[in-house]
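Structure first, then comments.
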């Protein structure tokens, strides 16, 4: 396999990228000046050595301090944020979109996926063990009082919410924590990463 085919294959592993789009990326790079390609290579190298994943929320972040590496991201480390609220999201893009609205000041947990309806092993598709451990520990320390579900308004999102609620009630107990959901002002089928500021703010304020 030559370099062009190998690079095309690598681009096809990107979410939503098919063979034609991947090939366009390759041709774009072939046409670009060598300086641009050097910058791209340098950025990828930096990502390799400084890209970390938060041990609390599982968000990816950059850590340039190799001498004293961090284990938590800037959001989880921020003492001015409301540590009594934990918002559950599907992916990093959802967290980024919510942060841009400026409407939420609590903490997050990224599930890393969703549970399809009628699936037999939902625990293998999302970080349910890590989530329940985080919730249990936060409750024991008296820090957490509310878990907010901010998942897509889809069948997958609803199935995931129902599954997580069931597990939380079994392991933690519903009397120890409030479980709330964004108001259904969000359009059916909406992905959280595409929500606008005003819509999200309204859905958050009217959560139940």
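Could you tell me what % of all Cα pairs in the range 134-181 have separations over 16 Å?
Details: 428 of 1128 pairs.
Tail fraction, whole percent: 38.
Taking the C-alpha atoms of the range 78-205, how large are the radius of gyration and the largest Cα-Cα span, Dmax, in Å?
When restricted to the Cα atoms of the range 78-205, Rg and Dmax are 13.9, 41 Å.
When only Cα pairs under 8 Å and 6 or more residues apart are kept, what is the percent relative contact order across the range 3-62? Before the final figure, lay out each step's value.
Values: 29 pairs, mean separation 11.0, N = 60.
Across the range 3-62, relative contact order equals 18 percent.
State, to one decimal in nm², a quarter of the convex hull surface area for the C-alpha atoms of the range 3-62, i.e. the direction-averaged projected area. The partial results should precede the final answer.
On the way: hull surface 20.4 nm².
Seen from a random direction, the Cα hull of the range 3-62 projects 5.1 nm² on average.
Please report the equivalent ellipsoid semi-axes of the range 81-135, computed as sqrt(5 x eigenvalue) of the Cα gyration tensor, largest first, in whole Å. Don't skip to the answer; put the middle values down first.
Details: eigenvalues 112, 38, 10 Å².
Ellipsoid half-lengths, sorted descending, are 24, 14, 7 Å.
How large is the helix-only mean residue ellipticity at 222 nm for the chain, computed as the sum of -39500 (n - 2.57) over DSSP H runs with n ≥ 4, divided by its residue count, in deg cm²/dmol to the nearest 500? Kindly include the intermediate steps, with their values, before the conclusion.
On the way: 8 runs with 92 residues, N = 208.
Per the formula, -13500 deg cm²/dmol.
Quick one: Cα centre-to-centre distance for the range 1-53 and the range 140-167, in angstrom?
36 Å
To check you understand DSSP bridge types, tell me what percent of the beta bridges within the chain (both residues inside) are antiparallel, rounded to 5.
Numbers: 3 of 16 bridges.
The antiparallel proportion sits near 20 percent.
Give the relative contact order (percent, whole number) for the chain; include only Cα pairs under 8 Å separated by 6+ residues. Don't skip to the answer; put the middle values down first.
Values: 273 pairs, mean separation 34.1, N = 208.
Rounded, it is 16 percent for the chain.
Tell me, what are the semi-axes, in whole angstrom and largest first, of the equivalent ellipsoid of the range 1-114 as set by the roots of 5 times the Cα gyration tensor eigenvalues? It would help to have the intermediate numbers written out before the result.
Values: eigenvalues 230, 67, 30 Å².
Each semi-axis is √(5λ); the values are 34, 18, 12 Å.
All of the numbers you see were taken from the coordinates with simple rules; none came from a lab. All figures in this text were calculated on a predicted structure; none of them were measured in a lab.
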